[in-house]
Amino acid sequence: MWSSYWDSVAVFLGINVLMGISLYVPMTAGLISLGQGAFMAIGAYVSALLTKSNVPFLPALLAGGAVAAAAGLVAGAPALRIRGIYVMILTLGFGEIVRVFFLNFEPTGGASGMGGIRPLTELWQVALACLIAYAVVWRMRHLRLGRAMIAIHEDDLVAEAMGINLTRTKLVSFSLGALMAGVAGGFYAHQALFIDANQFDFSRSAITFLYVVLGGAANPFGSIVGAAIVTLLPELLRVVQDWRMTIFGTMLVLVAVWRPDGLLPAPRLRKS
Amino acid sequence: MTTLLRIDHVSRRFGGYIALNDASCEIVEGHVHALIGPNGAGKTTLFNIVSGVLRPTSGKLSFQGVDYTGCRPDKILTMGIARNFQQVRLVRGLSVLENVMIGAHARIDRGLIGNTAEFLGFAVAERAAREKARMMLEFVDMAGSGEMQPDDLTLVDQRRLEIARALASDPRLLLLDEPAAGMNPTELNELGALISRIQANGLTVLLVEHHMRLVMSISDRITVLSAGNIIAAGPPKVIQRDPAVIAAYLGNGDEPALSS
């Protein structure tokens, strides 16, 4: 019984998976962003503005991703000098700046939001975007860039002493993540049909972080598992009515206790 | 005899502590040049300054006649100076072979268009780097370990892996910081042979080491540091008999240990 309800749930699931990957990418290089919602907002607003001016969906989507990636460069630049928890604080601040900007920016509707967006998002497009994102992540892992990101994550002193340009690698990974979040935002806008700044607030960024951590931050497929659980469980738990968020929260605590590294294990290399 | 690396009146302070005081030293191309001295003499400080991990408080560094004082470590590696680490620092999460490939990182950067081509499957540089890494593993006698995890190796193999990683960057100058730490006599002999083979391949080696038998048997030149000052420099035979070295390094004339 595949209803339009489940179709819509699947689309949002795909968008959330994409958001999860968008955070997984900079996290491979040790950059934990709590501002992915901001890049999603940028992608959503830019693409919605473009399709409203009759630009076809695909170029609008890509433009949203590109502007988000550019914003990622701007937000990432100061993050180069700091590490760990300070990157989280910085990206959190960036997320708030973007949210408040759209809240007050009248050309995109300001506080009353932006409606009348055409329903252009289709499930297969979102699924394809997720596939492409995974292909990129997989390919990257087996190339210079992916190795460099892991090396920076593990030990940036060694990475730099071995010839890795920290600035460039960190910026590329941050901005690539922002691009993915921007595309996810574009899909979101053309599925939700109405967007306002508060849909992209801190809880959006925090829940994206949850997808990755819950699923397993060391495994690229962790975000699928994490996003699936966080998106689907509250829906499936609707039968228990008022208790669903309580049960959901309890399950999160249990995961944190029993599997602190997330549900999926780190992929172990083959032993010869 | 051409000078490959020139350390010119280099000093380094940590607050009020002078770790290195006005050190000058020339490393001749093709030599194995050892840096010895008691603990806290400033060997590792000098080593970190040469590889760019630390900046000198004053003084100049030049490599092949080019002043590189203040350059970042990744730039210095590209110039041809590669190093290992005293406390082994390998990248967990990458296989042994991939750890070596990290060393070839700078060599396989083909710019935006080239890198995009690599990404899309025309992985020419990638394959070359993999091949290079295999050769380097073979060079340090670890040909069979490529698919293992660094954590699964013995400490001695981890040290050899670091040497392979440094060699993968095609350096002119290899900096080795206490590569013999924790090795038994057999492994020491193998390390000595490995360093000689590296030298035979045309590389210059700057070696920080406590193990006197190794240092005396493979070094062409020795520089002795004590309390941040260079107190002697010369060939092993001269250093072994230098009274200032014996006094600073071994206390009161314990000469047999130096010449053993």
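The values are calculated or read from the model by the stated rules, or taken from the named source; none is laboratory data. Please read all numbers here as calculations on a predicted model, not as lab measurements. With ideal geometry, Cβ positions are generated from the backbone for all residues, glycine too; neighbour counts draw on all protein chains shown.
Among B:Gly121, B:Gly70, which is the only one that is surrounded by fewer than 16 Cβ atoms within 10 Å (Cβ to Cβ), within 20 Å of B:Leu5 (Cβ to Cβ) and of a type outside the set (Asp, Glu)?
Among B:Gly121, B:Gly70, only B:Gly70 is surrounded by fewer than 16 Cβ atoms within 10 Å (Cβ to Cβ), within 20 Å of B:Leu5 (Cβ to Cβ) and of a type outside the set (Asp, Glu).
With respect to B:Ile113, is the statement that it is buried (at least 19 other Cβ atoms within 10 Å of the Cβ) and over 27 Å from B:Ser196 (Cβ atoms) true?
So B:Ile113 does not fit the description; no.
What are the residues in region A:119-142 that are surrounded by fewer than 18 Cβ atoms within 10 Å (Cβ to Cβ) and not in a helix (DSSP H, G or I), if any?
A:Pro119, A:Glu122, A:His142
Here's the yes/no breakdown for (1) in contact (Cβ under 8 Å) with a residue 12 or more places away in the chain; (2) farther than 21 Å from B:Gly52 by Cβ:
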{"residue": "B:Asn84", "(1), (2)": "yes, no"}
{"residue": "B:Arg92", "(1), (2)": "yes, yes"}
{"residue": "B:Val96", "(1), (2)": "yes, yes"}
{"residue": "B:Gly103", "(1), (2)": "yes, no"}
{"residue": "B:Arg110", "(1), (2)": "yes, yes"}
{"residue": "B:Asn115", "(1), (2)": "no, yes"}
{"residue": "B:Leu120", "(1), (2)": "no, yes"}
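Find the strands (runs of 3 or more DSSP E) located wholly in region B:178-260 whose residues include 1 or more that are farther than 27 Å from B:Ile163 by Cβ, out of contact with any helix residue (DSSP H, G or I) (no Cβ under 7 Å at 6 or more places or on another chain) and at pLDDT 90 or above, and list them. I'd like the intermediate steps shown before the answer.
Details: elements: B:204-208, B:221-226, B:229-234.
Strands (runs of 3 or more DSSP E) meeting the threshold: B:229-234.
So B:Leu207 ticks every box in (1) free of Cβ contacts under 8 Å to residues at least 24 places away in the same chain; (2) in contact with a strand residue (DSSP E or B) (Cβ under 8 Å, 6 or more places away or on another chain); (3) not charged (D, E, K, R) but one. Which box is left unticked?
In the conditions (1) free of Cβ contacts under 8 Å to residues at least 24 places away in the same chain; (2) in contact with a strand residue (DSSP E or B) (Cβ under 8 Å, 6 or more places away or on another chain); (3) not charged (D, E, K, R), B:Leu207 misses (1) alone.
Out of curiosity, is B:Gly121 over 24 Å from the mean Cα position of the chain (by Cα), on the phi > 0 side of the Ramachandran plot and not assigned by TED's automatic domain parsing to the domain that holds B:Leu175?
Answer is yes for this residue.
Could you tell me which residue of region B:43-85 is farthest from A:Val158 (Cα to Cα), considering only residues that are within 14 Å of chain A (Cβ to nearest Cβ) and small (Gly, Ala, Ser)?
B:Gly80
Can you name the condition, by its number, that B:Ile81 falls short on among (1) surrounded by 20 or more Cβ atoms within 10 Å (Cβ to Cβ); (2) β-branched (Val, Ile, Thr); (3) over 17 Å from A:Gly163 (Cα atoms)?
Only one criterion in (1) surrounded by 20 or more Cβ atoms within 10 Å (Cβ to Cβ); (2) β-branched (Val, Ile, Thr); (3) over 17 Å from A:Gly163 (Cα atoms) is unmet by B:Ile81, namely (3).
What number goes with the only condition from (1) assigned to a strand (DSSP E or B); (2) under 20 Å from B:Pro236 (Cα atoms); (3) of a type outside the set (Ser, Thr, Tyr) that B:Arg12 does not pass?
So B:Arg12 meets the others, but not (2).
For region A:151-170: of the residues being surrounded by fewer than 21 Cβ atoms within 10 Å (Cβ to Cβ) and in a helix (DSSP H, G or I), which is nearest to the other protein chains (Cβ to nearest Cβ)? Full working, then the answer.
From region A:151-170, those surrounded by fewer than 21 Cβ atoms within 10 Å (Cβ to Cβ) are A:153-157, A:165-168; that's our starting set.
Among the residues that remain, those that are also in a helix (DSSP H, G or I) are: A:153-154, A:156-157, A:166-168.
Numbers: A:His153: 8, A:Glu154: 5, A:Asp156: 10, A:Leu157: 7, A:Leu166: 7, A:Thr167: 9, A:Arg168: 9 Å.
Selected residue: A:Glu154.
Would you mention how many residues in region B:86-108 are crowded, with 17+ Cβ neighbours inside 10 Å and either at the interface with chain A (Cβ under 7 Å from one of its Cβ atoms) or farther than 30 Å from A:Ala266 by Cα (or both)?
Summing the residues that are crowded, with 17+ Cβ neighbours inside 10 Å and either at the interface with chain A (Cβ under 7 Å from one of its Cβ atoms) or farther than 30 Å from A:Ala266 by Cα (or both) in region B:86-108 gives 12.
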